[in-house]
Amino acid sequence: MAVGDGRREGKIRGGTGEAKTAGRLNRGKGRIFAVFAALVSSFFLFPPQAAGISPFGRAIERPVFNVRDYGASGKKADSAKEAIQKAVDACAAAGGGTVYLPPGEYTSGTIHLRSHVRFHIEAGATVYSSKERSEFDREALFYGEDLINISLEGRGTVDGQASYERRPKGTFHDDFIFPNELEMEKRGRPLIRSFPKPDQFGKLVLLLRCKDVRISGLSFRDSPSWTIHPYGCERLVIEGVDIRSSLKEAVWADGIDPDGCRDLRIANSTIETGDDALVFYSMNWFGPALPCENITVTNCRLSSASSAIKFCDGNMNAIRRVTIDNCVITDSNRGIAFMDFDGGEVSDVVISNLTIDCRRHDWFWWGDGEPFHFSIKKRSEVHRGWKKEDDRPAGKIRNILLRDIIARGYGSSVCRGHPESWLDGVSLENVKLFISHDPAAPYDKAVNALTFERVNNLRLRNIEVFWGTPPYPGWKSALYLGEVRDLVIEGFSGRQAGTADDCAAVVLDRVEDAMIRNSMALPGSVVFFDIRGGESRNILLWANDLRRAEIPFRLSSDVAPGTVTVRENFYRPGYRDDGSWQPVDSMVSSKKNLLGRREQGEPNITKSIEFIDFIDFRSGGACRGAELIPFPKKSAPGVRCSVFGRGAAVRESS
């Protein structure tokens, strides 16, 4: 090979110094290009304006409009309305910026917000709602309409200065609380209630059709009416606010009332109000009824003398796609309420990880100290002056999931659909429910711990019911299910509260297509399952632990043959030394309940029940249909025999 050829070969292989130098230069250019590309991408991903720096390295001067510069004195006795409005308008005219309220006291009527304006109330600053109605040209202290990119923020306070007086109700009538009024009258109690004084007006915040809204950090106190009311707003964030009014007196002073809003986030807030704390609407007061949808509520503490969380009866369109998580409800007259009186729909709601503590507040508040409430009605069924011909079709409540909840209350949780529109797809999972009685309360309307009526596709999983002391004589059953289709109960535990013949842990009244399994009778259980109604059909009781129940199940005389199938349940034993079977005496509470025994002690199994594989670990035997087959006392090794415990109450055929 020629020398020249070898040099060329060396260059190709990178063997010469020239080639190595060129390679280093190329690699250096690559690194420089990579650094440049990273800088360019970071410029667009994290623009310097976000840090308050211009692209040329200079600090951005955000326009700040101090209300003191526009004539506000910072003294409560002086009206600051004109000065505040001048600052807001100047900020908007400049293209946006911040209106700043330094520490001080500012009294004002309606303040008209503007697009691209941040309204900042500094810590130590309080904006008071004026007592002069002439100061208001809208029904709110802060008002905005068709705005974009607005904020109400800071660590200051907005004070509505609401005040109340207690006096006899007189001719004032409220259909919502009329049942409570009747209870008070029956007991001869005076009908004294709270009324707002006349020297106050309006909501604290009213926003109509605004977009990109943020309300954060502020404290709202004593609103004369609803505290924050947005209608038709989109991309609304309410975070870190503290809303309070009197739990004893503040009628009609709701916390947050979103109406027809989309993409709403409420987080890290405390709402403690006389009237409802958090209420979702879909009404036509300010325009067409819009769906209230795409909503998240997280990490909040709520209290209310009415409902802590309410899907409101005022729903003409829809409230849907809502999640509420990781919240604490305390000192409320009603925990979670789903109500529909105007024909709208409530759907696709998940509420999880809550603790609920309810008590019965004064008689003029809507609620009864119950943790859960579902109701579909028509207006004429609620308001005595409403004409039936003006009713809208019955609304819909469907696809609701409540899970991982510990709830304490004093009233019955009643979940009831409408004859024309049943609840559909309601699920409760992992719920502990504690019911108590207050002997000092003027009245107590509680009956059953949980009632479900007119429901399709009901799922109850891992529900525990506990009765407190002292007991209330009106208490009856832990679960009452009436007119329910497609029912699954898994992992329920509880017992009846009352001692009357119509009390049972679980009442199934006109129930169709039901499966109840892995449920357990608690100590003190008398009748566990009470099955009623000629419309009841296709009920399976499977693998339930009924050993603590004196009477595992009882059927009314109108239950049709073949209605109930029981499989692999556990009973109190009824074994006798001679190898035959008899009911255990303690399992029969009266002649009326001597339902599974003939005079000579032989069983008479009703045709309404089909028995399959009943397990008794103390002895052996098999039951098929209506025939009981005793096994020897010592069964074959490795064989687990089954038996129907004779103490179970079954209807005696006539």
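The values are calculated or read from the model by the stated rules, or taken from the named source; none is laboratory data. The structure displayed is predicted, hence computed values, not measured ones. Note: ideal-geometry Cβ built from the backbone for every residue, glycine included; neighbour counts use all protein chains shown. Areas reflect the complete protein model, heavy atoms only, side chains present, ligands, DNA and RNA absent. Shrake-Rupley method; radii C 1.70, N 1.55, O 1.52, S 1.80 Å.
What the table shows:
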| quantity | calculated |
| --- | --- |
| Normalised contact order of the range 301-344, rounded percent, pairs of Cα under 8 Å and 6 or more residues apart | 59 percent |
| Global form of the range 430-571, assessed from the alpha-carbon gyration tensor, a/c cut-off 1.5 | prolate |
| Amide proton proximity set for ASP222, modelled H, under 5 Å, gap of 5+ | GLY160, ARG244, SER245 |
| Leading residue at positive end of dipole, the range 473-516 (Cβ point charges), from TRP475, PHE492, VAL507 | TRP475 |
| Sulfur and carbon atoms: percent of accessible area, the range 209-344 [1.4 Å] | 45 percent |
| Alpha-carbon centroid distance for the pair the range 438-512 / the range 145-222, whole angstrom | 34 Å |
| Accessible solvent surface per residue of the range 286-412, calculated while the other protein chains remain in place, 1.4 angstrom probe, Å² | 33 Å² |
| Cα-Cα separations in the range 507-555 greater than 12 Å, expressed as whole percent | 61 percent |
| Label-to-label distance, nm, for residues given as THR330 and HIS173 (7 Å Cα→Cβ offset) | 4.0 nm |
| Positive-pole candidate from PRO419, PHE374, GLY395, dipole of the range 326-460, charges at beta carbon | PRO419 |
| J(HN,Hα) series, the range 498-511, from Karplus relation 6.51 cos²θ - 1.76 cosθ + 1.60, nearest Hz, glycine and proline x | x, 10, 5, 5, 8, 9, 7, 4, 10, 9, 10, 10, 6, 9 |
| Residues with amide H under 5 Å from that of TYR128, placed H, sequence gap 5 or more | TYR106, THR107, SER108, ASP159 |
| Hz values of 3J(HN,Hα) by residue in the range 238-250 - Karplus curve (6.51, -1.76, 1.60), Gly and Pro given as x | 10, 9, x, 8, 10, 10, 9, 8, 5, 5, 8, 10, 6 |
| Nearest-10 value in Å² for the accessible area of GLU389, using the 1.4 Å probe | 140 Å² |
| The range 168-319 shape via C-alpha gyration tensor axes, a/c threshold 1.5 | prolate |
| Net dipole in debye of the range 393-513 [+1 Lys, Arg Cβ; -1 Asp, Glu Cβ; about Cα centre; nearest 20] | 280 debye |
| Ordering of 75-84, 474-483 by packing [mean C-beta count within 10 Å, highest first] | 474-483, 75-84 |
| Accessible area expressed per residue, the range 522-577, with surrounding protein chains retained (probe 1.4 Å, Å²) | 39 Å² |
| Distance in nm between pseudo-label sites at ARG62 and GLU568 (7 Å out along the Cβ direction from Cα) | 6.4 nm |
| Estimated FRET transfer efficiency when R0 is 56 angstrom, pair VAL488-ILE148 (beta carbons, to 0.05) | 0.70 |
| Karplus 3J(HN,Hα) series, Hz, for the range 435-447 with 6.51 cos²θ - 1.76 cosθ + 1.60 (x for Gly, Pro) | 10, 10, 10, 10, x, 7, 5, x, 7, 9, 9, 5, 10 |
| 5 angstrom amide H check on TRP542, placed H, neighbours 5+ away | ILE516, ARG517, ASN518, ARG567 |
| Span from the the range 79-133 Cα centroid across to the the range 251-305 one, whole angstrom | 24 Å |
| Accessible-area order (highest first, 1.4 angstrom probe) of the listed residues PHE176, PHE529 | PHE176, PHE529 |
| P(r) weight above 16 Å for the range 395-476, C-alpha pairs, percent | 56 percent |
| Prolate/oblate/rounded call for the range 255-331, Cα gyration tensor, a/c under 1.5 rounded | oblate |
| Rounded to the nearest 20 debye, dipole of the range 320-411 from Cβ charges on Lys, Arg, Asp, Glu | 260 debye |
| Accessible surface of the range 492-534 [probe 1.4 Å, protein heavy atoms]: carbon and sulfur percent | 48 percent |
| Förster-model FRET efficiency, 35 Å R0, ALA560 and GLU381, C-beta, rounded to 0.05 | 0.65 |
| Cut-off 18 Å, label 7 Å out along Cα→Cβ of ILE406, residues of the range 447-473 by amide N | 462-469 |
| Unit charges on C-beta of K, R, D, E only; dipole of the range 199-243, Debye | 200 debye |
